[in-house]
1. Between LEU139 and ALA98, 0.36 nm times their residue separation minus their Cα-Cα distance comes to what?
2. Suppose each label sits 7 Å from its Cα in the direction of the beta carbon; what would the ASP227-SER266 distance come out to in nanometres?
3. Students often get this wrong, so try it: which of [x] 6, 28, 36, 22, 7, 2, 0; [y] 6, 27, 33, 22, 9, 2, 0; [z] 6, 25, 34, 26, 9, 1, 0 is P(r) over Cα pairs in 10 Å bins from 0, in percent as calculated from the structure shown?
4. Given points 7 Å out from each Cα along the Cα-Cβ axis, report the ALA220 to PHE105 separation in nanometres with one decimal.
5. Once both axes come from the Cα atoms, what is the angle between helix 111-125 and the longest principal axis of the chain, in degrees from 0 to 90, rounded to 10?
6. Hey, fewest Cβ within 10 Å first, where do SER188, SER125 land in order?
7. Return the FRET efficiency for the residue pair ALA170, THR60: r is the Cβ-Cβ distance, R0 is 41 Å, and the value is rounded to the nearest 0.05.
8. Length gain on complete extension for the stretch LEU49 to LEU75, per 0.36 nm per residue less the alpha carbon to alpha carbon distance?
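Where a number appears in this text, it was derived from the coordinates with a stated rule and is not lab data. Note that the structure is a prediction, hence the values are computed from the model and not measured. FYI the Cβ positions are ideal-geometry reconstructions off the backbone, even for glycines, and counts take in every protein chain you see.
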Amino acid sequence: MEFDPEIWARWIQFASVVGMFGTSLFPFYAAPAERFAPSFWRIVQGAALLAIASGCAWLTFSVADVGDTLGDPSLWRTYLLETSFGHAWLVRLALYPALLIVLVFQPRQYRFVVAAALGGALLVSQALLGHAAAASGGLAFVAILSYAVHVLAAGLWLGGLLPLLLVLRAPTDGLSAEQHVPVLQRFSRAGYFAVVAIALSAAVNVWLHVGDWQNLRGNAYGWLLLDKLILFAVLIVLASLNRFALLPRLMAHGSDTAQVTRLLASNVLFEILLGLGILAVAALLGTTAPP
């Protein structure tokens, strides 16, 4: 399977928007915003700039697939105005300037809310650029809704890992090791709902695009889906280890509190890497035809 530049752009777009969305939501349910707001906002800023750059690259590569003369205005006009993918990109192109405005003016009271809303809109609009857009009739609504649930839940969970790592690695100017407990508990509760939503929506997506599970055997789409499932399973195991083995040790306030905190931070870092792997497979799946 050829790994072309468009897939790289899609992957970076997925990762940056997930990071922006998850980090923007994190202060509202997990960690005190007043203590970590500057650090969280720096993550949002970096992710947003990366999202804008990768989004423009993705669009450029998509147009290049249609014609060779990128300098021809008629090619862009035809793609954006006369194709369904182009219409979806018009929506996304309206979101990027709005994101820039938020980054420039930084409305202190609402910046995380607006960034989360724009990130969520970018995630959901990706449904119009993938397999969900191919569904017809009543199934089209189901496909887009299922995709929206899938990516928003993934954004909440995977995107929340980076700010969680920041909290765990900043005990001296942030929270004490004991104060990490409520943050981890709140993140775990959100993670429960996210995992269930991801699993259920994934099952719906497979049913819509593949039908019989037997159709996944012996083709690229099936192998990629298996890769994604394995990475997701490892991620679940690691998250369960954090929740049911390390968190109780942290709650016990024993002499190994600092060591447990370091272990948690290391595991969260590994979860982030697994999440990036899952998003890379998702980028590949988006350009691979279902059987």
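1. On the way: separation 41, 0.36 × 41 = 14.76 nm, distance 3.12 nm.
So the extension gain works out to 11.6 nm.
2. In this crude label model, ASP227 to SER266 measures out at 2.8 nm.
3. [y]
4. 4.5 nm
5. On a 0 to 90 degree scale, this one is about 40.
6. Values: SER188 16, SER125 19.
Going from least to most buried by this count: SER188, SER125.
7. Working: r = 38 Å, r/R0 = 0.92.
Efficiency, rounded to the nearest 0.05: 0.60.
8. On the way: separation 26, 0.36 × 26 = 9.36 nm, distance 2.65 nm.
Full extension of this stretch gives 6.7 nm more.
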